[in-house]
1. In the stretch 1-37, what residues are β-branched (Val, Ile, Thr), over 11 Å from the mean Cα position of the chain (by Cα) and surrounded by fewer than 19 Cβ atoms within 10 Å (Cβ to Cβ)?
2. Under 6 Å between Cβ atoms, which residue pairs at least 6 apart in sequence (or on different chains) link something in the stretch 40-53 that is exposed (fewer than 14 other Cβ atoms within 10 Å of the Cβ) with a partner that is not in a loop (DSSP other than H, G, I, E, B)?
3. Output the residues belonging to the stretch 75-99 that are at pLDDT 95 or above and under 16 Å from LEU46 (Cβ atoms).
4. Within the set of pairs 6 or more residues apart or between chains, which connect a residue that is among the aliphatic types (A, V, I, L, M) inside the stretch 68-92 to a residue that is part of a loop (DSSP other than H, G, I, E, B) and modelled with pLDDT under 90 with Cβ atoms less than 6 Å apart?
5. Give me the residue from the stretch 38-84 that is assigned to a helix (DSSP H, G or I) and among the β-branched types (Val, Ile, Thr) and, out of that set, farthest from the chain's Cα centre (by Cα).
6. Determine whether the stretch 107-122 contains at least one residue that is within 11 Å of the chain's Cα centre (by Cα) and at pLDDT below 95.
7. What pairs come up if the first residue lies in the stretch 113-135 and is more than 30 Å from LEU81 (Cα to Cα), the second is in a helix (DSSP H, G or I), and their beta carbons are under 8 Å apart, counting only those six or more places apart or on different chains?
8. Hey, can you tell me all the residues within the stretch 113-153 that are in a helix (DSSP H, G or I) and surrounded by fewer than 16 Cβ atoms within 10 Å (Cβ to Cβ)?
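The values are calculated or read from the model by the stated rules, or taken from the named source; none is laboratory data. Fair warning: this is a prediction, and the values are worked out from it, not measured in the lab. Cβ atoms come from the backbone with ideal geometry, glycine included; neighbour counts cover every protein chain shown.
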Amino acid sequence: MITREIESLIKEYSRQFRSLLVVGPRQTGKSTLVKKVFPNKPYVSLENIDERTLAENDPRAFLNRFPKGAILDEVQRTPLLFNYLQEIIDNSNEDGLFILTGSNNLLLQSNISQSLAGRVGIIDLLPLTVQEIEKFGKTNFSLNELIFKGSYPEIYDKTRKPTLWYPA
C-alpha cells in the first residue's frame, strides 16, 4: 500500500471538523485509506447486513456503541443515521469524531446534505495521481499506457489486468 497524497489533507480536516466524509467513485481506496489514517478508530462497514440492520432499526443504539466515534463505511446505505449523527455532532466538542465514507451520489440525497451542512468536512477521493503511480515503482510509462490502464489503486497494487478488472 502506498501513501496517498491526500492523507495529510484528511488529517487536517479531522482536526478542523467534528466529522469527516470521504466520498468518491467505487474502488478508489476510501475504506483502505481511512482505516490507515485512523487505525485506532473502530471500523464498521454498513455493507455488513447485521450492522446495517441494527443501524436501520435502532440508529441510536447503533451509534451509542461508539462514544468516542468510529469509521462508518458506506454510510449511503443507511440515510436515517444522518439525523442521529447530526445530534451527536452538534452536542460534541471533539474534532474528528466520526469518519464517514460513501459514494459520490451520497451528496445528492437531500436529507443527508441538510443534516451534514456546515458540520462535516467533505473530501473527494479520486483514483491515483501520476506521482502516486510512480510510488508503485512504475516510472517509465507512456501516456497511452496510462490511458489504457487507468489509475485505480487495485490495478497497480495487485497488478490486475485492466481488461478483466474494469468490467467486473
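1. Hits for the stretch 1-37 are ILE2, THR3.
2. Once the first residue is exposed (fewer than 14 other Cβ atoms within 10 Å of the Cβ) and sits in the stretch 40-53, its partners that are not in a loop (DSSP other than H, G, I, E, B) give PRO42/ALA70.
3. Residues satisfying the conditions are PHE98, ILE99.
4. ILE89/ARG119
5. Our first condition is that a residue be assigned to a helix (DSSP H, G or I); within the stretch 38-84, this holds for 49-57, 59-64, 75-77, 81-84.
Adding the requirement that they be among the β-branched types (Val, Ile, Thr) leaves 49, 53, 75.
Details: ILE49: 19, THR53: 21, VAL75: 9 Å.
So, considering only residues that are assigned to a helix (DSSP H, G or I) and among the β-branched types (Val, Ile, Thr), the one farthest from the chain's Cα centre (by Cα) is THR53.
6. Of the residues in the stretch 107-122, the ones within 11 Å of the chain's Cα centre (by Cα) are 122.
Next cut, at pLDDT below 95 only: 122.
Scanning the stretch 107-122 turns up at least one residue that is within 11 Å of the chain's Cα centre (by Cα) and at pLDDT below 95.
7. From the stretch 113-135, the pairs are LEU128/PRO153; LEU128/TYR156; VAL130/LEU146; ILE133/LEU146; ILE133/TYR156.
8. Answer for the stretch 113-153, where residues must be in a helix (DSSP H, G or I) and surrounded by fewer than 16 Cβ atoms within 10 Å (Cβ to Cβ): SER113, GLN114, VAL130, GLN131, GLU134, LEU143, ASN144, GLU145, LEU146, ILE147, PHE148.
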